[in-house]
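Some notes on the structure that comes next.
The values are calculated or read from the model by the stated rules, or taken from the named source; none is laboratory data. Note that the coordinates shown come from a computational prediction; the quantities given were computed from them, not determined experimentally. Heads up, the Cβs are rebuilt from the backbone with ideal geometry, glycines too, and the neighbour counts pull from every protein chain shown. SASA here: full protein model, heavy atoms, side chains in, ligands and nucleic acids out. Shrake-Rupley method; radii C 1.70, N 1.55, O 1.52, S 1.80 Å.
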Amino acid sequence: MTIGIRASFEDYSAEEKKLLRCAHRIFFPTPRFAGLFEAVGTPTFPHASTYLYQRSNLHQMLLFQYLKWPHPRTRIYFGWKQKQSIPRDFRFPFLAIGPRASPLAPRIIRNMKDLEQHAFDHNPLIIQEAIDWIERIRFICVHYECVGALRQTATAEDPTLEPIPLEHKSLSEILQATRRLLRMAQLDDISVVWAYGNGQWQLIQLERPPARWKSLEGTQHRHHLICHLIQTGFL
C-alpha cells in the first residue's frame, strides 16, 4: 500500500497513522521521517543510516576517518580562521567539496586565486587531496549485498561505466571491504565507489544507487530486484 509523502506527520489521516505504526516495514520513507521510524523501532527500507550517508559528504568523511578506512587524505574546515590554514595543510591542486551530497563534481583548486574564489562556497568546507586514479569501481548494493559492479578507467575516452563481474579476481579485496562496510554502517541501498591510485584502492564516495545499470547479462533494474526481495520474504 502506498500512502504518499506528506509535509508533516499530522497531515496523515488517523487510519494512515495507524497503518504506519503497525507496519511490518515501511519502504522508501521520506528522509525526514526515517529517523523517527528508527527511534520507535519501526524497520524501514532504506535504513535511516543509508539516507544519512547518501545525503551528506560531511558524514561520509567522518565515517571513513572514524573507521580508518583507506581514503584520500581529507580535512574539514569551519569558518574563515580554519580555512586560512588550508594552503599549509595541502599542496595544490586539491579538491574542495561541499557538506551535502551533490551530483556536481568536486571543484579542483589549482592555486590561491581558486581557493579565495571558492572558500566561502560552503561552510564547513571539505578539502581532499587530488589523486591521479587509474580506475574506478562502483558497487551497486541492495539489502547489504553487492548486486552489480561497474568499472571506469582514467584513460578511457568514453566515461561510461562498463560492467565487470563481481567474481573478477581484481575485485576480491574491495568487495570484501565493501560488504563489511555495508553491515557496520547499516547501508542497505547505496553505491560504494572505490578508486585505484598511489598503489592502493581507496574509498572515495557513497552515492545514491542507479535505478538501472548494465550487466553482462543485460540491463538490471534495482526496483525489480527490491520487489523480488519483498515477494520472497527477504524484506
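I164 is checked against (1) open to solvent by less than 40 Å² (accessible area, probe 1.4 Å); (2) in contact (Cβ under 8 Å) with a residue 40 or more places away in the chain; (3) over 27 Å from I126 (Cβ atoms) and fails just one. What number does that condition carry?
(2)
Suppose we keep only residues that are open to solvent by less than 50 Å² (accessible area, probe 1.4 Å) and assigned to a strand (DSSP E or B) within region 181-199. Which one would you say is farthest from Q152 (Cα to Cα)?
D189
Considering only region 17-33, state which residues are without any contact (Cβ under 8 Å) to a residue 24 or more places away in the chain and either surrounded by 12 or more Cβ atoms within 10 Å (Cβ to Cβ) or touching a Gly at 6+ places or on another chain (Cβ under 7 Å) (or both).
Those that are without any contact (Cβ under 8 Å) to a residue 24 or more places away in the chain and either surrounded by 12 or more Cβ atoms within 10 Å (Cβ to Cβ) or touching a Gly at 6+ places or on another chain (Cβ under 7 Å) (or both): K17, L19, L20, A23, I26, F28, P29, R32.
Suppose we keep only residues that are part of a loop (DSSP other than H, G, I, E, B) and under 20 Å from the mean Cα position of the chain (by Cα) within region 34-83. Which one would you say is surrounded by the most Cβ atoms within 10 Å (Cβ to Cβ)?
Looking at the filtered set, the residue picked out is P46.
Among the residues of region 85-109, which ones are open to solvent by 50 Å² or more (accessible area, probe 1.4 Å) and assigned to a loop (DSSP other than H, G, I, E, B)?
If the condition is that a residue be open to solvent by 50 Å² or more (accessible area, probe 1.4 Å) and assigned to a loop (DSSP other than H, G, I, E, B), then R91, F92, P93, S102, P103, L104, A105, P106 are the ones that fit.
Look at region 168-180 and say how many of its residues are among the hydrophobic types (A, V, I, L, M, F, W, C) and either within 15 Å of V142 (Cα to Cα) or not in a helix (DSSP H, G or I) (or both). Outline the logic, then answer.
Of the residues in region 168-180, the ones among the hydrophobic types (A, V, I, L, M, F, W, C) are 171, 174-175, 177.
Among the residues that remain, those that are also either within 15 Å of V142 (Cα to Cα) or not in a helix (DSSP H, G or I) (or both) are: 175.
The number of residues fulfilling the criteria is 1.
Restricting attention to region 101-150, which residues are among the hydrophobic types (A, V, I, L, M, F, W, C), at pLDDT 95 or above and over 30 Å from W80 (Cβ atoms)?
Selection gives I137, F139, I140, C141, V142, C146, V147, A149, L150.
In region 200-224, which residues are open to solvent by 50 Å² or more (accessible area, probe 1.4 Å) and hydrophobic (A, V, I, L, M, F, W, C)?
Correct list: L216 only.
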